[in-house]
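Any read-out appearing in this document is the output of simple, stated calculations on the displayed coordinates, not a laboratory observation. Here the structure is a predicted model, which means the values were calculated and not measured. Here the Cβ positions follow ideal geometry from the backbone for every residue, glycine too, while neighbour counts run over all protein chains shown.
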Amino acid sequence: MMIPELQQLRSLLVPLVESFELDDPSMGIVAWTPVVGGTFVHPLTRQPISKLKIYAAGADKIKIIEPRFLYSLPALSILGLSNPSHLCYKIAKMLGETLGNLGKLRDEIASLGITLDLEHDILRLKGSAEIMNTRVQMVSRLPDSLVLTHLGTKALYHLDTRDRSLLLSHNAQNDLDELAKLVQQIITATEQQNSRPPSDNPQGKFTKGTSDVMILTDMVEEDSSQEPPIQHELSQQEHPQQEELAPLRVDYIFEMTGADTEIWAHGNRLRLKIPFNVVQGHYVFYLEQVHHKQFKGVLISPQGTRHPVDVDFTSIMDIKEVFDRIMLM
């Protein structure tokens, strides 16, 4: 059955794209549009970008998947656009406005005595400051907020993003006071957590129902030049009955991981294969669902090194944050 909103969007996309990678309004729409009327340059490699990969994000909106730095832009309405140059102009205008707003946000945060630098490839501010005698690492992205990522060397990714975020009030002294309170709250909560008796299932051990992830991790070949035979091999395994999990929307998964993600189901659980290209080379995440928005698995480096991965999508901005965390360990 076709989704009316996607059918409507497809008709708007026809004059704007050169090809459809996924052209099925009952499942989703992914397309390529040429860069016309100007040039987009990758902020890290400085290479010109000849086309953009986009996907359907509503009845009249699209989201950019590639290149990565444009993926950070919000969904974009294409109503009234009649050729690719119009779309590229609108994207360039949105990019300029976003960079300008990030610059204003960086200046405002600087008034707190906190210096954040722009991460050009993901359009995000990142830095650290001394708060409550603790080195606090943080990121900021529009709308105007600070999200804490580390206190000292302790990562905070296990906390929901809302529990480690500060919405700026645009009053420097008030924001500094509230930031200090937030840091103290997290310190107190951490101390209380550490004072509890140890769990029978210490972090890092796989829980009942996650045996598939262990198999998935063990079956990945050390030689990353070979495609890991994960789908075929796992289909041969016997698995216990697993609890029913609430469904996840495909557009939500793409939002968090990128539309190159391959999604398949095994029993009641989702499995994700997430290609991740950076300057250092081609990485791949292999993840399996263990709870509604929690996944476990492995990240494979270009050299075949395996890094265990534990992802809670409620506490991260996107999969890039997980990659950064692993590479900083």
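Structure above, values below:
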item: Modelled label reach - Asn174, point 7 Å along Cα→Cβ, the range 129-156 residues with backbone N closer than 16 Å; result: 144-146
item: Val250 versus Phe20: modelled label distance in nm, points set 7 Å from Cα along the beta carbon direction; result: 1.2
item: Given Lys61/Lys293; Lys90/Lys154; Lys126/Lys181; Lys53/Lys126; Lys93/Lys293, the pairs whose alpha carbons are separated by over 32 Å; result: Lys90/Lys154; Lys93/Lys293
item: Hz values of 3J(HN,Hα) by residue in the range 130-138 - Karplus curve (6.51, -1.76, 1.60), Gly and Pro given as x; result: 8, 10, 6, 6, 10, 6, 10, 9, 8
item: Translational diffusion coefficient (Stokes-Einstein; Kirkwood radius from C-alpha pairs) of the range 4-100 at 10 °C, 1.306 mPa s, in µm²/s; result: 118
item: Estimated FRET transfer efficiency (Ser128, Asn83; beta-carbon r; R0 41 Å; 0.05); result: 0.35
item: Length-normalised contact order of the range 4-100 in % [C-alpha pairs under 8 Å, at least 6 apart]; result: 25
item: Spread of Cα-to-Cα distances over 5 Å intervals beginning at zero, given as percent, for the range 260-309; result: 5, 21, 27, 23, 13, 7, 2, 0
item: Over the range 111-194, relative contact order from alpha-carbon pairs under 8 Å, at least 6 apart, %; result: 20
item: Potential extension, Met27-Asp163 segment - 0.36 nm per residue separation minus Cα distance; result: 45.5 nm
item: Förster-model FRET efficiency, 25 Å R0, Thr314 and Lys181, C-beta, rounded to 0.05; result: 0.65
item: Förster-model FRET efficiency, 51 Å R0, Thr115 and Gln8, C-beta, rounded to 0.05; result: 0.65
item: The range 45-55 - phi-based ³J(HN,Hα) in whole Hz, Karplus 6.51/-1.76/1.60, Gly and Pro as x; result: 8, 6, 7, x, 10, 8, 8, 10, 9, 10, 9
item: Positive-pole candidate from Ile49, Leu16, Thr33, dipole of the range 1-54, charges at beta carbon; result: Ile49
item: Under Karplus coefficients 6.51, -1.76 and 1.60, residue-wise ³J(HN,Hα) of the range 17-25 in Hz, glycine/proline x; result: 10, 9, 6, 9, 8, 10, 10, 8, x
